[in-house]
Amino acid sequence: MSFDPATLGSLSLEEKRRLARELLDSRREEHPAYTDLTYDMAMHSTSAEHAESRRFGEWLKAISEDDAYSFEAPRLGGQRTEVDILRESGEVLHVLNFGSYNYLGYSHHPEVIAAAKEALDRYGLGAGSSPILSGTLKIHRELEGRILEFLGLEGRAVSLFSSGYAVNTGTISSFVKQGHCVVLDRSVHMSIQEGAQLSKARTFYFRHNDVGNLEQVLRRLAPENTRVLVCTEGVFSADGDRGRLAEIVELSHRYGAQVLVDEAHSILVAGPGGRGVGEEQGVLRDIDLLVLTFSKAFGGVGGALVAREEMARYVNWYARCRMFSCALDPAVAGGLIKVLELAAGSDGGERRERVRANAARLRSLLADSVSTGVSESWIVPVMYGLGRLTFPLNDFLQKTGLETNIMQFPAVPKDESRIRLFVTAEHTDAQIDRAVSLIRQAAQRFGFAKEGT
Ligand code: PMP
């Protein structure tokens, strides 16, 4: 039995459910009924006693007892290209690691570790206070300066946050408020959507990367009469394609709207100097609110807003998740400074070249057997569609030796589930080839291989 994920969109919900059930029923022995759970099945209940957590708990117990629960399994070491992971059964699996967005391999670079240790010795484990009160350390100021130097932007300032998620929620909710408007690409990350909700501004969507549709929305809003913020991404986390930043920035400014670009997955990797898709498309200086995360190619944690000085200083005070939360860890800040130094030099250039070549290899080898959607980057999604396949599929992949980054509803629309493969500069050709063969095997078994493969 097989189906084409590309045609799922044309089916009714009933038909999709029937298809998933048939597929799982045909493999009932391997995948008992408890694997039929989808994320939304335990999201709501009206009962007084929180029936959804009971339902979820019963399912979790059943799936764990049968050693079929593959999520949250701890790694026994850092995020290298092969890792040992500990399953709940106590078994240790050695797997190829395509599940971590440590794109340039900086999380375990010896010079980065040494710089982090030095900062740890000097400043201690935690920053000890909110950055607006007593938590700003000299190393934070150094990091801000290095970020601006790396980006080559004058007249801007940096607002540091302890997560990339918080940069989006904090920035958007302090930039737009009730009575204003936010216009989001349909595929933006949850943190942008949550920032919009938190802001209480009116939220509008445009079709993914569809500049014509954005113009229709902006024309209707008449931005000259209100504040409008358009939000998009450099490289999209769900699809691995690039935002059409040059067109979006030009159009939005023409209509008097401002633009937030989240370069979480593109900073250090995209662009000739690693300054992101904004650099690649020649609009880095024109982006009003530039969002960076340190959890991806930096190999650390935290994030930053880069904006004109007044704006960054305002956000420092008015982003509640920054003001009421502890400043970035000093050891992480020390490591990030070293990453910027390496990424600006030949080391960064070589790593960027390798990650791009590796991604091109992976995409081209997968092309004839599965759908990788519109990916054109180091994020390579493999579409499997039906949410009900998520748990058995992830379990199967892990047990056959491949760790990936599964994405299902609500991160993507229902039944547009996908395996995401994160390619890094450190993967070898042999590791990529092996991953392709394991994906092909899974695609045959779970019915998402292209016809004739
Ligand atoms: N923005 C995007 C586009 C992301 O993909 C993510 C996380 N995957 C975030 C923001 C949040 O970043 P962090 O993990 O640093 O909180």
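Every read-out reported here was derived from the displayed coordinates using simple, explicitly stated rules and does not represent laboratory data. Nothing here was measured: the structure is a model prediction, and the numbers come from that model. Note that we place each Cβ from the backbone using ideal geometry, even for glycine, and neighbour counts take in every protein chain shown.
Can you classify the stretch 193-235 as rounded, prolate or oblate using the Cα gyration tensor, where a ≥ b ≥ c are the square roots of its eigenvalues, rounded means a/c under 1.5, and otherwise it's prolate if a/b beats b/c and oblate if not? It comes out oblate by the Cα gyration axes.
When Rg and the Kirkwood radius Rh are both evaluated on Cα atoms of the chain, their ratio Rg/Rh stands at 0.97. Each Cα pair under 8 Å and six or more residues apart adds its separation to the average, and for the chain the resulting relative contact order is 23 percent.
Shape class of the stretch 113-235 from the alpha-carbon gyration tensor: prolate, with a/c at 1.5 or above and a/b greater than b/c.
As an equivalent ellipsoid, the stretch 150-193 spans semi-axes of 22, 14, 12 angstrom, where each value is the square root of five times an eigenvalue of the C-alpha gyration tensor, largest first. Within the chain, DSSP assigns beta bridges of which about 60% are antiparallel (rounded to the nearest 5).
Since only CYS326, ALA297, GLY273 are under comparison, the one whose Cα sits farthest along the positive direction of the charge dipole of the stretch 241-376, derived from C-beta charges on Lys, Arg, Asp and Glu, is CYS326. Sorted from greatest to least, the principal axis extents spanned by the alpha carbons of the stretch 238-310 come out as 37, 29, 24 Å.
In terms of other Cβ atoms within 10 Å, ILE113, ILE287, ILE432 run from fewest to most in the order ILE113, ILE432, ILE287.
Sorting the Cα pairs of the stretch 119-182 by distance into bins of 5 Å, from 0 upward, gives 4, 13, 19, 21, 21, 12, 7, 3, 1, 0 percent per bin.
Given LYS61/LYS414; LYS414/LYS450; LYS338/LYS414, which pairs have Cα atoms separated by over 29 Å? Those over the limit are LYS338/LYS414. Charge dipole (Cα centre; +1 on Lys/Arg Cβ, -1 on Asp/Glu Cβ; no other charges) of the stretch 183-332 amounts to roughly 480 debye. For the chain, leaving out every one of the trypsin sites (Lys or Arg not before Pro) that falls in a DSSP loop and has at most 14 other Cβ atoms within 10 Å, the longest unbroken run is 208-453. Stokes-Einstein diffusion coefficient for the stretch 300-342 at 37 °C in a medium of 0.692 mPa s, Rh from the Kirkwood formula over Cα pairs: what value in µm²/s? Result for D is 278 µm²/s. For the stretch 168-288, the Kirkwood hydrodynamic radius comes to 14.0 Å, computed from all pairs of different C-alpha atoms. The smallest convex shape that holds all Cα atoms of the stretch 351-453, its convex hull, gives 91 Å³ per residue. Think of the stretch 207-258 as having a plus end and a minus end, set by charges on the Cβ of Lys, Arg, Asp and Glu; of THR226, LEU245, TYR255, THR226 sits farthest toward the positive end of this dipole.
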